[in-house]
């Protein structure tokens, strides 16, 4: 069951990536044809395509973390796939696809630095890890939000999203300043002085902060736990009975 | 294959009770007809049994195991309903391929035969199909999966008479080639009377009939004649409805006729068909107490 569901999810993800690639490359070819008479550096142009697709593929995967929950979950339930397997395959397929696309495209794309005149060593593991962590954070957030919305079903999410927006705004505007005033040492403790450091040095300094790792891992792991809990309780009597009342 | 059983099942949406105290046992290798008027909870009941929705209260058992909601025998139950759980942008062949992948096996031969018979191209996308063709396609998939309990919720929705007839033939063919349990929820009662073995009737949130078709038809009578004689003969019997047309008084019964009672010469007693029985059983204001 796991293998079947994994194959189903990977096919869907890579099919979308392939379609995005075709669309992107097609668009770039059209651009090249338009500017061919004005003289175009094809070496630079080719690498720009790769860099562009690197970012596009990561964005596509982030979008897929939002869109592969409800439909795939429903299709899995229809075909007798337990929700645990459904969720595990969603995690593995998305994160592994991210790593694969990154591993393929990033080494090619970093050659752009020569043409773009960037002097930073983009092959530095700090930059690589930082890039992956950023994408993983977005994917994890996407999974949590889409699972949470799916748990509530129907239009309840509109109500919940509005409530969340109001709470977040009130918190940011009124609660945060109070906390900051009450605990002034916090800001000093978290303050990192980058001074004249370049990007790599700044990332290195950031990586040295234990708080960075705590907050980063929390922002990846916590949403995944929330997503797992939401998907675990989807369509089971313990939670949905009460929550579905909102959905009506 | 174990029985699928519900005990005191209740489903409530807000303050509205949709299903109340449903006690039902679905047995293997039987074709059930699930009948009920609009909005009585047929689809809700099927989706609860298939674990697409949850019950508010009550128990669902798979054999002797009480199901908690997370250990449902999902692979053994397949629900085809009007809700579309397929990706609308997918081609039909992609959907069947994905279904086969997740189900582990799939009757491709029957699927191809049915697609040809219904003039459906597998290269078409689901969103290019009309309501009727979408229903046909979903039913084709339901007949080709290896599930032991297949719930068909309105499998003839939007189908013309020719296709309905063809579809019933394929349901029977699928059943004969591999016996399994089908629960067919429909409003076209006279047509499924030749298909089903067991009848379930939902009315006003409750299951009012759960019996073999043979027994249901055997208990359904129309008694007509002079009012006095009809009333006397039908005393203490379960009367569903009564009509007066001139001097002719007609009573609809759902009961076993007492053998010891002598039938007066001027009385006419005849069986009624499933559709008429259903109408009399579920008509609001009639004297239905089964």
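What follows is calculated from the coordinates using simple rules that are stated; it is not laboratory data. Remember, predicted model here, so these are calculated numbers, not experimental data. A quick note on method: Cβ atoms are made from the backbone with ideal geometry, for glycine too, and the neighbour counts reach across all protein chains shown.
Computed quantities for the displayed model
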{"read-out": "Cα shape, the protein assembly as shown, gyration tensor, a/c 1.5 rule", "value": "prolate"}
{"read-out": "Reciprocal mean inverse distance between Cα atoms of chain B - Kirkwood radius, Å", "value": "20.7"}
{"read-out": "Cα-based helix-to-principal-axis angle, B:161-177 vs chain B, degrees rounded to 10", "value": "80"}
{"read-out": "Relative contact order computed over segment B:6-127 (Cα-Cα under 8 Å; 6+ residues apart), in percent", "value": "21"}
{"read-out": "Candidates B:190, B:228, B:176, ranked by Gaussian network fluctuation over chain B, Cα under 10 Å, top entry", "value": "B:228"}
{"read-out": "Residues residue B:256 and residue B:57, FRET efficiency given R0 of 35 Å [Cβ-Cβ distance, rounded to 0.05]", "value": "0.55"}
{"read-out": "Kirkwood Rh, angstrom, segment B:219-282 [1 / mean 1/r, Cα pairs]", "value": "11.8"}
{"read-out": "Kirkwood-based shape ratio for segment B:1-74, expressed as Rg/Rh from alpha carbons", "value": "0.95"}
{"read-out": "Segment A:1-113 shape via C-alpha gyration tensor axes, a/c threshold 1.5", "value": "prolate"}
{"read-out": "Relative exposure of A:100, B:199, B:18, judged by other C-beta atoms within 10 Å (fewest first)", "value": "A:100, B:18, B:199"}
{"read-out": "Footprinting exposure proxy for B:184, A:63 (fewest neighbouring C-beta atoms within 10 Å first)", "value": "A:63, B:184"}
{"read-out": "Cβ-based exposure ranking for B:169, B:164, in which fewest neighbours within 10 Å come first", "value": "B:169, B:164"}
{"read-out": "Segment B:86-128 - convex hull of the alpha-carbon atoms, volume per residue in Å³", "value": "59"}
{"read-out": "Chain B: relative contact order in percent, alpha carbon pairs under 8 Å with at least 6 residues between", "value": "20"}
{"read-out": "Chain B: angle of helix B:108-117 to the longest principal axis, Cα-based, in degrees nearest 10", "value": "70"}
{"read-out": "Candidates B:50, B:174, B:147, ranked by Gaussian network fluctuation over chain B, Cα under 10 Å, top entry", "value": "B:174"}
{"read-out": "Most mobile of B:98, B:162, B:127 in a GNM of chain B (Cα contacts under 10 Å)", "value": "B:162"}
{"read-out": "Cα gyration tensor of segment B:27-153 - equivalent ellipsoid semi-axes, whole Å, descending", "value": "27, 17, 14"}
{"read-out": "Relative contact order (%) - segment B:179-239, alpha-carbon pairs under 8 angstrom, separation at least six", "value": "19"}
{"read-out": "For the protein assembly as shown, share of DSSP beta bridges that run antiparallel, in % to the nearest 5", "value": "65"}
{"read-out": "Nearest-ten-degree value, helix B:131-144 long axis tilted from longest Cα axis of chain B", "value": "80"}
